[in-house]
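Novice: Quick one: structure below, then a few questions.
The values are calculated or read from the model by the stated rules, or taken from the named source; none is laboratory data. Keep in mind that what you see is a predicted model, and the values were worked out from it rather than measured. So basically every Cβ, Gly included, is an ideal-geometry build from the backbone, and we count neighbours across all protein chains shown.
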Amino acid sequence: MVLLVLAAIFTLACFAGVLLYGAPYLPTLTPQVSAAIKLAELKPGTTLLELGCGDGKVLIAAAQKGAFVVGYELNPIVALVAWLRTRKYRKQVNIIWGNFWKKEWPEADVIFVFLLPKYMEKLNNYCIQYKHKPVKLVSFAFTIPGKTAQKTINGVYRYDYS
């Protein structure tokens, strides 16, 4: 019984704790994954960085286009799910368990996010300072305050940084 309670507390902490740094786990809907991949203009050999990769759905779609992908995930349970789901593409996909705000981001052609609105301005500042440019930021659902998206499809927004 004690083990069950501890497991429940651990699971709750994993899913609730991410709210301090980003967004809760919500899977990106299939139409928005397609829109994101189209806006990203991925080609074989390009690199996509996903900040908060969840269950790996976007990573898989990008890998299927021939892209290399790096996904950060703070929730260890969800990171494990993403790692397991992306094993077929293990030569293209790297899952990093950790807080992307506290890590140096690798070089990427595209950054994909599904963050809460309160983090979008902070993300914009990171992208402005990102040393690997040009880079496209593709955001599902939420916009950057005061910045106009270059392209929009189905509730997914693309911002270009050069």
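Novice: Can you confirm whether the stretch 70-85 contains a residue that is closer than 27 Å to Q150 by Cα, at pLDDT 95 or above, in contact with a strand residue (DSSP E or B) (Cβ under 9 Å, 6 or more places away or on another chain) and aliphatic (A, V, I, L, M)?
Specialist: Within the stretch 70-85 (the criterion being closer than 27 Å to Q150 by Cα, at pLDDT 95 or above, in contact with a strand residue (DSSP E or B) (Cβ under 9 Å, 6 or more places away or on another chain) and aliphatic (A, V, I, L, M)), the answer is yes, since at least one residue qualifies.
Yes/no per residue for (1) farther than 22 Å from D55 by Cα; (2) aromatic (F, W, Y):
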position	(1), (2)
T86	no, no
Y89	no, yes
W97	no, yes
F100	no, yes
V138	no, no
T152	yes, no
V156	no, no
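Novice: Could you tell me which of the residues A13, A23 is of a type outside the set (S, T, N, Q), modelled with pLDDT under 95 and touching a strand residue (DSSP E or B) at 6+ places or on another chain (Cβ under 9 Å)?
Specialist: After ruling out the rest, the residue left standing is A23.
Novice: Only residues that are on the phi < 0 side of the Ramachandran plot, of a type outside the set (G, A, S) and in a loop (DSSP other than H, G, I, E, B): list them for the stretch 124-162, please.
Specialist: Across the stretch 124-162, the qualifying residues are Y130, K131, H132, K133, P134, F142, T143, I144, P145, K147, T148, Q150.
Per-residue answers, yes or no, for (1) surrounded by 15 or more Cβ atoms within 10 Å (Cβ to Cβ); (2) over 19 Å from N99 (Cβ atoms); (3) at pLDDT 95 or above:
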{"position": "V113", "(1), (2), (3)": "yes, no, yes"}
{"position": "L116", "(1), (2), (3)": "no, no, no"}
{"position": "Q129", "(1), (2), (3)": "no, no, yes"}
{"position": "L137", "(1), (2), (3)": "yes, no, yes"}
{"position": "A149", "(1), (2), (3)": "yes, yes, yes"}
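Novice: Only residues that are in contact with a helix residue (DSSP H, G or I) (Cβ under 7 Å, 6 or more places away or on another chain) and either in contact (Cβ under 8 Å) with a residue 24 or more places away in the chain or of a type in the set (A, V, I, L, M) (or both): list them for the stretch 22-39, please.
Specialist: G22, Y25, P27, T28, V33, A36, I37
Novice: Name the strands (runs of 3 or more DSSP E) wholly within the stretch 13-117 that hold at least 1 residues that are of a type in the set (D, E, K, R) and within 19 Å of K133 (Cβ to Cβ)?
Specialist: Here the list reads 47-51.
Novice: Also: Is it true that E121 is acidic (D, E), farther than 15 Å from E41 by Cβ and not in a helix (DSSP H, G or I)?
Specialist: In short, no.
Novice: Considering only the stretch 66-79, I want to know if a residue exists there that is closer than 17 Å to V33 by Cα, surrounded by fewer than 18 Cβ atoms within 10 Å (Cβ to Cβ) and in contact (Cβ under 8 Å) with a residue 24 or more places away in the chain.
Specialist: The answer is yes; a qualifying residue exists.
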